[in-house]
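The values are calculated or read from the model by the stated rules, or taken from the named source; none is laboratory data. Note that this is a predicted model, so its numbers are computed, not measured. Glycine also receives a Cβ, built like all others from the backbone with ideal geometry; neighbour counts cover every protein chain displayed.
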Amino acid sequence: MTSPDATSAWPGLRVEDWVDTRDTLHLWTQVVGKVRLARSPLVNHWWQVTLYVTPRGLSTGSVPDRHRIFDVELDVVEHEMRIRTSDGTGRTIALAPMTVADFYAQMMGALDELGIEADFQTRPNEVEPSIPFAQDTVHASYDREAARLFWGQLVASHRVMGKFRSHFVGKVSPVHFFWGSFDLACTRFSGRPAPEHPGGAPNCGDWVMVEGYSRELSSCGFWPGGGEEGAFYAYAYPEPEGFSAHPVTPAQARYSVENGQFLLPYEAVRTARDPDRALLDFLQTTYEAAAEHGDWDRAALEDDPARWSHPR
């Protein structure tokens, strides 16, 4: 670990120091996310399936269940998973080193006790290999400190990405966490349709990507990979001519031909004199690469979030 304190504004966490925990936690979030997927009506681009950063970890938010609602939260402060329902019932599962198979069994058992039905494909998506949850005894790591440090990275990223989001008045996603790709993301849309996406994500139907990329977009986010401590990314779909050559800041940002996106190492932000400013510069200049080369109507899509800043 490179930071002893998960409460620091920009905690350091080397990917190689927690890769086993990262991969296990990724699969746990897939189980939790699929429960939300099973119970929630479709919202464009699969926004109904994501998780949200909370003051304790990651949560489904409120999920409908007949006459009531429930939520599931992975609390990495007290290291437990909590399922709570609007009728006052709930269950708690301790987060500790355990196999995905054990986590899945405990999760489904708790849902059954609460009378929550969740019918979903019981194997992970967007990973290779895709081991059925009930059979996965390979992934079984949970390092408490690493989980908290990762959550700290998400908190810092979420805070700045939320500020960036506030400048856009067109269609824009929440700042939310996709459990398939295990990344925090925020996506802006031009308002125009996009060409059909070819798909190709491992163990994921092409139709999933067709829905996800059905409108022209500029997306950014944070992923715990792609760098020593993870990486911020930004891409456009469809990618307009000139996008990859557009000048972006800070200086450590680069366009990855292999990944088809701009990447900025997390550590470049963490160690910057002003980390918030460094990340905002990256988000803004990569968005401008998409908007300018894609001929977006920026005057109609952008505004000052302080336009009603008088006392209220």
Legend entry - Check on Val63, of a type outside the set (S, T, N, Q), more than 20 Å from Arg123 (Cβ to Cβ) and touching a residue at least 60 places away in the same chain (Cβ under 8 Å): no
Legend entry - Residues located in segment 165-205, provided they are of a type in the set (Ser, Thr, Tyr), part of a loop (DSSP other than H, G, I, E, B) and in contact (Cβ under 8 Å) with a residue 60 or more places away in the chain: Ser166, Ser173
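For segment 130-139, indicate whether the set of residues that are free of Cβ contacts under 8 Å to residues at least 24 places away in the same chain, out of contact with any Asp or Glu (no Cβ under 8 Å at 6 or more places or on another chain) and part of a loop (DSSP other than H, G, I, E, B) is non-empty.
As a first pass, look at segment 130-139 and keep what is free of Cβ contacts under 8 Å to residues at least 24 places away in the same chain: 132.
Filter once more, so that each one left must be out of contact with any Asp or Glu (no Cβ under 8 Å at 6 or more places or on another chain): 132.
Applying the additional criterion that residues be part of a loop (DSSP other than H, G, I, E, B) yields 132.
Looking through segment 130-139, at least one residue is free of Cβ contacts under 8 Å to residues at least 24 places away in the same chain, out of contact with any Asp or Glu (no Cβ under 8 Å at 6 or more places or on another chain) and part of a loop (DSSP other than H, G, I, E, B).
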Legend entry - Near pairs, Cβ below 6 angstrom, 6+ apart or cross-chain, from segment 267-280 (in the same structural domain as Arg159 (by TED's automatic domain parsing)) to any residue that is among the polar types (S, T, N, Q): Ala268/Gln252
Legend entry - Residue among Glu267, Glu258, Glu241 that is surrounded by 15 or more Cβ atoms within 10 Å (Cβ to Cβ) and either acidic (Asp, Glu) or assigned to a loop (DSSP other than H, G, I, E, B) (or both): Glu267
Inset, instruction - List every residue pair whose Cβ atoms lie under 6 Å apart, where the two residues are 6 or more positions apart in sequence or sit on different chains, the first residue falls within segment 224-238 and is in the same structural domain as Asn259 (by TED's automatic domain parsing) and surrounded by fewer than 23 Cβ atoms within 10 Å (Cβ to Cβ), and the second residue, located anywhere, is outside any strand (DSSP E or B) and β-branched (Val, Ile, Thr). - result: none
Inset, instruction - Being assigned to a helix (DSSP H, G or I) and at pLDDT 95 or above narrows it down to one of Leu149, Leu58, Leu74, so name that one. - result: Leu149
Legend entry - Filter pass, Asp295 being assigned by TED's automatic domain parsing to the domain that holds Pro247 and either more than 25 Å from Pro195 (Cβ to Cβ) or not in a loop (DSSP other than H, G, I, E, B) (or both): no
Legend entry - Test for Val210: is it assigned to a helix (DSSP H, G or I) and touching an Asp or Glu at 6+ places or on another chain (Cβ under 8 Å): yes
Inset, instruction - Identify all residues within segment 62-110 that are in contact with a helix residue (DSSP H, G or I) (Cβ under 8 Å, 6 or more places away or on another chain), surrounded by fewer than 18 Cβ atoms within 10 Å (Cβ to Cβ) and either under 14 Å from Phe133 (Cβ atoms) or outside the structural domain of Leu51 (by TED's automatic domain parsing) (or both); write none if there are none. - result: Ala105
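Looking for whichever is touching a helix residue (DSSP H, G or I) at 6+ places or on another chain (Cβ under 6 Å) and in a loop (DSSP other than H, G, I, E, B) here; the options are Pro41, Pro11. Which one fits?
Being touching a helix residue (DSSP H, G or I) at 6+ places or on another chain (Cβ under 6 Å) and in a loop (DSSP other than H, G, I, E, B) holds for just one of Pro41, Pro11, which is Pro11.
Filter segment 188-219 for residues that are basic (Lys, Arg) and either farther than 21 Å from Met161 by Cβ or surrounded by fewer than 12 Cβ atoms within 10 Å (Cβ to Cβ) (or both) and give the result.
Taking segment 188-219 first, the residues basic (Lys, Arg) are 188, 192, 215.
Across segment 188-219, the qualifying residue is only Arg192.
Just to be sure before I move on: is Glu16 more than 21 Å from Gln121 (Cβ to Cβ), in a loop (DSSP other than H, G, I, E, B) and charged (D, E, K, R) in the structure I sent? Even if it seems obvious, please write down each step before you answer.
Values: more than 21 Å from Gln121 (Cβ to Cβ): yes; in a loop (DSSP other than H, G, I, E, B): no; charged (D, E, K, R): yes.
It is false that Glu16 is more than 21 Å from Gln121 (Cβ to Cβ), in a loop (DSSP other than H, G, I, E, B) and charged (D, E, K, R).
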